[in-house]
Amino acid sequence: MKNPRTILLADMESFYASVEVAGNPSLQGKPVAVCGDPKRRHGIVLAATKEAKAFGIKTGMAAGECARLCPDLVFVRPHMQEYIKTSLALTEVFEKFSDRVAPYSIDEQFLDISGCEKLFGNAEQTALQIIEKIWETLQIRCRVGIGENPLQAKMACDCFAKKNERGIFRLSHKNYAEHTWPLPIRKLFGVGNRMERNFFNIGVRAIGDLALLSRESLKARWGINGEVLWLNAHGIDYSKINSLGPKDQRKGVGHSITLPRDYRHREEIDTVLLEITEEVCRRARALNKVGRVANVYCRGADFDLPTGFSRQKRLPEPTAMTMEMYPLVQKLFYEHWDLRPIRALGVSLTGLMDFRKLQLSLLEDKEKKIALSRTMDLIRDRFGIVSLFRLSSLTPGGLLFERAGKIGGHEA
Amino acid sequence: MHIIAKKDLLFEVFSVVQRALPVRTPMPILKGFLLEAKKDEFLVIANNLELGIRAKLDDLKIIKTGHVLIQEKFVDILRQLPDQYVEIEMDPESLRIEISSGKSNFSLYGIDPDEYPAFTDEKKWSSWTCLHFTSKEFLNILKKVTFAVSQDESKPAFKGILLELLADEKILYALATDTYRLALYEKEYIIESGVKPFRLLVPGKVLIEIAKVIEDSGDEIKCYFEENELIICYKNFIFSSRLLSDRYPDLKNVFPASQSTTIWVNTEMMIKMVQRATLLSSGPSQMITLRIDDEFIKISAASELGIMNEELLLENKKGENLDEIFLNAKYFLDFLRNFDDDVAHIEFNGSVGPCIFLQDKRKGDNPFLYRYLVLPIKTEKNVL
């Protein structure tokens, strides 16, 4: 039997807000909310400092409601590029402690520090050094969950480390049940609204209730997902940190847009679908990948009557060429669209594989088309996304110019 | 309508006609079989608007004439009926169809066939251009090319198989391609009087279904056609196919005049070797690597599971050695499986040029020329 591993999950407190405060010391100690343009649909809170949270400000709240709760609240517009840069800087700090670092989200990263005791002391001592180092270099408060696997680390962080003064908590197979079983079921990693409701229906309210059911009964009821949740309730997780790395494991690239206004005409929708497809293919090409499946996502505009769909179809052959993917995207969309106004659209390319081989064709010069795409990508990388664009982006539906200079739909 | 028939005979007919039932259709009426009892013959028809099949049965007792549409389920019922005879009686008022066999009785709801598309009338097509084949000949033509047809919705023309007769060549061409490989079968054809040169694009799916029905025998096959329809008569069956009107490029001349390497290998051993390689060939392209030196053809394949290598002694060789060529193993096997010589003749044109399989029997007593072209896969190694 191998020695138990030691896994850390480091989570940044109010990440976007912390980055803003760190970059502008005058905000120190004030209630701050990072928020999109309040006049537009993106006007919701993306992050709030703990001073703001004390007033009841929560992530996802509309700007107007926040102003009512806390009249002194300082609104800051998001700077996505800055957050990405900071996230990469975080990884650099973590890599000083371990060579097995896996970013889990923009503000959470896993570290496997097994075998590093001689260098940094025990897990708590290491966690403390990490917290100090992050504060020193980036002025962001960091909390660390410790466990014998990624699941325990995540649970330790979300359920305990975030709530205690030190910002450190350790779970192990020994104490997992004692600490987590009394918690409500929705605190269990992997349980969302839907599963919480399902569990309530069978009388499971706490994590311990779930743990005491039989593994087989959960598997019978919810398949693999049920079994995984049962394992989660017991603190069992077989994944490894080096296998969590996102770099080569990407299964797909996708992009979706919340439209600035509701779209209802075919020309407008076509234009945006093409712009999104181009963006998705460009990203796939940047990774030197091709995808096998095209997915289209759409959400209806009417809040009271939520409509929409997400459909996918296999491409005739793996591709990352915009004009090979676009006809299928269009076909999928128009096969399923109910003709109601659209609020959001998304396209993704999944089943990614390395682009290493190309079946030659009798009738078209694929290599030439690929070379053309690559050249277009190079031009855009160097001179910006609006330096070379499809003419349709100039039509009323086009969003390219509006979106140029944004990341994830928020100001860069 | 009221008939009594032998169950096995009836089932045989339905199992053929069933091939023309649509898989998905916006027209529910096409989901059934049209039954037509006339004075001295009984007809069963199905039609998916691309392919229609009409079967005639006369070895049965017709008590009362009439016609009705019966649901698809009837085939399953027929298969499981207990007795060797089946009696079918339809009430023209209620369209209720009573099916009895032994002590078993089914009562199905029939459908009024008024809206059912009409099957092209014999009077109409009997004056069209007609080609004659034996079923053996015809089946052979189909098998030699159908596997290469495209399944890709975005290339409608290539979902068709081209049948072409040129004015002065006395040669019938059958050609299919999915743009990555191409099969071309040329057969001497004695032009009957009244047959003008033609160029027909027949849906690949139709010919694939027909090839499953016709037998390797001396039965006669007659093909009648005009601008947008093809009628094939075989035994007691009539197949009616829509012809495609998509533009189809002239691809008969894609075969290069010269080649850098020519080899002869044992077909059976080559098939087995490639099959073994496909166990480890990777990805949807099923890529294998071939190398040819003075004595051997060497094959290798690799996937995340591991690698395989094998070599096969050449029967003969002309031209240069071949360093390395990457090919889709499926394309390779598709041809070899439809190939009936002990020794296969394969030509190469360097590592990124087309690879050609050849069967030249133009001097035999049943002269034909069969060629198959496969384009290789380009990889990082040969500069993508």
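Values quoted throughout were computed directly from the atomic coordinates according to the rules given, and no laboratory measurement underlies them. Remember, predicted model here, so these are calculated numbers, not experimental data. Positions of Cβ are backbone-derived with ideal geometry, glycine not excepted, and every protein chain shown enters the neighbour counts.
I need B:V195, B:V68, A:V296 ordered by Cβ neighbour count within 10 Å, fewest first.
B:V195, B:V68, A:V296
What are the ³J(HN,Hα) couplings of the stretch B:182-194, residue after residue, when phi is run through the Karplus curve with 6.51, -1.76, 1.60 and θ = phi - 60°? Round to Hz, x for glycine and proline.
Taking θ as phi minus 60°, the curve returns 9, 10, 10, 10, 10, 9, 5, 9, 6, 6, 6, 5, x Hz for the stretch B:182-194.
Amide H to amide H under 5 Å from B:S260: which residues, 5+ apart in sequence or cross-chain, H placed 1.01 Å off N in plane?
B:F348, B:N349, B:G350
If we count GluC sites (Glu not before Pro) as exposed when they sit in a DSSP loop and have at most 11 other beta carbons within 10 Å, what is the longest stretch of chain A that avoids them all?
With GluC sites (Glu not before Pro) excluded where exposed in loops, chain A gives A:166-363 as its longest stretch.
What percentages, rounded to whole numbers, describe P(r) for the stretch A:177-233 computed over all alpha carbon pairs with 10 Å bin width beginning at zero?
27, 65, 9
Treating the Cα atoms of the protein assembly as shown as identical point scatterers in vacuum, please give the log10 of the normalised Debye intensity I(q)/I(0) at q = 0.04, 0.06, 0.08 Å⁻¹, two decimals.
Values returned for q = 0.04, 0.06, 0.08 Å⁻¹ are -0.28, -0.61, -0.97.
Normalise the Cα radius of gyration of chain B by 2.2 N^0.38 Å (N = residues in it) and let me know the number.
Dividing the Cα Rg of chain B by 2.2 N^0.38 Å gives 1.19.
Could you please report the charge total around A:L213, scoring K, R as +1 and D, E as -1 over all other residues with beta-carbon less than 13 angstrom from its beta-carbon?
+1
From the phi of every residue in the stretch B:97-110, what ³J(HN,Hα) in whole Hz does the Karplus formula 6.51 cos²θ - 1.76 cosθ + 1.60 yield, where θ is phi - 60° and glycine or proline is x?
Along the stretch B:97-110, the couplings run 10, 9, 10, 10, 8, x, 9, 9, 9, 10, 10, 9, 7, x Hz.
Using only the alpha-carbon atoms of the stretch A:102-192, report the extent along each of the three principal axes, biggest first, to the nearest angstrom.
Extents along the principal axes: 37, 27, 25 Å.
Using only Cα positions of the stretch B:229-384, each an equal point scatterer, no hydration layer, compute I(q)/I(0) via Debye at q = 0.08, 0.12, 0.20 Å⁻¹ and quote the log10 values to two decimals.
Result of the Debye calculation: -0.30, -0.61, -1.30.
With a cut-off of at most 15 other beta carbons within 10 Å, and DSSP calling the residue loop, which GluC sites (Glu not before Pro) in the stretch B:303-379 qualify? Please list them.
For GluC sites (Glu not before Pro) across the stretch B:303-379 that sit outside H, G, I, E and B with at most 15 neighbouring Cβ atoms in 10 Å, the list reads B:E304, B:E315, B:E320.
Highest mean first, how do A:258-265, B:200-207 rank when packing is the count of other Cβ atoms within 10 Å averaged over residues?
Highest to lowest by the protection proxy: B:200-207, A:258-265.
Within 10 Å of each candidate Cβ there may be at most 10 other Cβ atoms; applying that plus a DSSP loop requirement, which trypsin sites (Lys or Arg not before Pro) in the stretch B:22-129 survive?
Within the stretch B:22-129, the qualifying trypsin sites (Lys or Arg not before Pro) (loop, at most 10 other Cβ atoms within 10 Å) are B:R24, B:K39, B:K103.
Kirkwood hydrodynamic radius for the stretch B:205-255: how many Å is it when counted over pairs of different Cα atoms?
That comes to 12.9 Å for the stretch B:205-255.
Residues of A:360-371, mean number of Cβ from any other protein chain within 10 Å of their own Cβ, rounded to a whole number?
Taking the mean over all residues of the peptide, I get 4.
If you average 1/r across every pair of different Cα atoms in the stretch B:3-79 and take the reciprocal, what Kirkwood value do you get, in Å?
The Cα-based Kirkwood calculation yields 12.6 Å.
Quantify how strongly other chains surround peptide A:347-359 by giving the mean number of their Cβ atoms within 10 Å of each of its Cβ atoms.
Counting other chains' Cβ atoms within 10 Å and averaging over A:347-359 gives 4.
To the nearest µm²/s, what D does Stokes-Einstein give for the stretch A:1-169 at 20 °C and 1.002 mPa s, using the Kirkwood radius over alpha carbon pairs as Rh?
Using the Kirkwood radius from Cα pairs, D works out to 128 µm²/s.
Taking the Cα atoms of the stretch B:17-168, report the difference between the largest and smallest coordinate on each principal axis, in whole Å and largest first.
Largest first, the stretch B:17-168 extends 60, 35, 31 Å along its Cα principal axes.
Please identify every one of the GluC sites (Glu not before Pro) in the stretch B:62-152 that sits in a loop by DSSP and has no more than 15 other beta carbons within 10 Å of its own beta carbon.
Those that pass, being in a loop and sparsely packed, are B:E72, B:E93.
What angle do you read, to the nearest 10 degrees and between 0 and 90, between the alpha-carbon axis of helix B:267-278 and the longest principal axis of chain B?
90
Provide the descending list of Cα extents for chain A along its principal axes, expressed in whole angstroms.
Extents along the principal axes, in whole Å: 64, 53, 48.
For n ≥ 4 DSSP H runs only, could you compute -39500 (n - 2.57) per run for chain B, divide by its residues and tell me the 222 nm figure to the nearest 500?
For chain B, the value works out to -4500 deg cm²/dmol.
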